[in-house]
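The values are calculated or read from the model by the stated rules, or taken from the named source; none is laboratory data. No experiment lies behind these values; they were computed from the predicted model shown. All Cβ positions, glycine included, derive from the backbone under ideal geometry; neighbour counts span all protein chains shown. These accessible areas exclude ligands, DNA and RNA; they are computed on the full protein's heavy atoms, side chains included. Shrake-Rupley method; radii C 1.70, N 1.55, O 1.52, S 1.80 Å.
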Amino acid sequence: MVAGLLLLTIGFVALGVWQVERRAWKHALIAAVDTRAYAAPVTAPGAALWPLIDASSDAYRRIRVSGRFLYGHDTLVRAVTDLGAGYWVMTPLDTGSFVVLVNRGFVPLDKRDTVAAAPSGRVTVTGLLRISQPGGAFLRDNDPAGGLWYSRDVAAIARARAIAPIAPYFIDADGALDRPDGPVGGLTVIRFADNHGAYAVTWFGMALLCLWGMRHVLRASRPS
């Protein structure tokens, strides 16, 4: 009995320490992302840098790129925002050396069939670098053949639209290109779950309960 409680105590303490370490890592990540998202924009990574792109070091980096939007290649991805339910409007931008998907912003459900066309001519897009979201959403797989998209899966959208060469990331555009009848940009929510402190308290609390149990067992086993 005592040996089992001791093993449980060690296990719970290890889990608590792990959550403390995760909390420190998460806070460092949040600080780094905040710095990237509000820094001066840098040039969007070209093909030579694509193999080096990583979520931990590049997600939400503020970038800028120039090119021409490809007319008639919009992809609507289901979304829920502070403005309600609707769609993200993903439009490919041809930079001349590669194509990058740009999330032009949000449109409500009733605007699905009347999405305003992207600006014509050469434009400059500033926004946040986002990592591709393969597969779909929870319990909802993307259906390219049916035109149903639940996540911004860059590679799958590129295949469905026959677009190449495609950057492995997409850009959440800010509101600079917004028009009265067009998608609303700049709605990126930068939010990370941070429950590690509560989890750590729970595991350490369980360890204390096990220690209390060990004390109770040992006292009960002593001869009177």
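General observations
- Top-ranked residue of the stretch 123-155 - restricted to ones that are of a type in the set (A, V, I, L, M, F, W, C) and farther than 25 Å from S66 by Cβ, ranked as least open to solvent (accessible area, probe 1.4 Å): W149
- Matching residues in the stretch 64-98 - criterion: being of a type in the set (V, I, T) and either within 18 Å of the chain's Cα centre (by Cα) or within 16 Å of S151 (Cβ to Cβ) (or both): T75, V77, V80, T81, V89
- Some residue of the stretch 95-114 being touching a Lys or Arg at 6+ places or on another chain (Cβ under 6 Å) and in contact (Cβ under 8 Å) with a residue 60 or more places away in the chain: no
- Residue within the stretch 200-217 that is farther than 16 Å from W88 by Cα, part of a loop (DSSP other than H, G, I, E, B) and among the basic types (K, R) present: no
- The criterion of at least 3 residues that are on the phi > 0 side of the Ramachandran plot and open to solvent by 60 Å² or more (accessible area, probe 1.4 Å) is met by none of the strands (runs of 3 or more DSSP E) wholly inside the stretch 69-118.
- Cβ separations smaller than 7 Å between residues 6+ apart or across chains give the following pairs from the stretch 175-191 residues that are at positive phi to residues that are buried (at least 18 other Cβ atoms within 10 Å of the Cβ) and in a loop (DSSP other than H, G, I, E, B): G186/D174.
- Set side by side, the residues Y150, Y169 differ, and just one is under 17 Å from the mean Cα position of the chain (by Cα), under 20 Å from V123 (Cβ atoms) and of a type outside the set (A, V, I, L, M, F, W, C), which is Y169.
Yes/no per residue for (1) open to solvent by less than 30 Å² (accessible area, probe 1.4 Å); (2) among the hydrophobic types (A, V, I, L, M, F, W, C); (3) modelled with pLDDT of 95 or more:
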site: A158; (1), (2), (3): yes, yes, yes
site: A164; (1), (2), (3): no, yes, no
site: G175; (1), (2), (3): no, no, no
site: G182; (1), (2), (3): yes, no, no
site: G197; (1), (2), (3): yes, no, no
site: L208; (1), (2), (3): no, yes, no
site: G213; (1), (2), (3): yes, no, no
site: V217; (1), (2), (3): no, yes, no
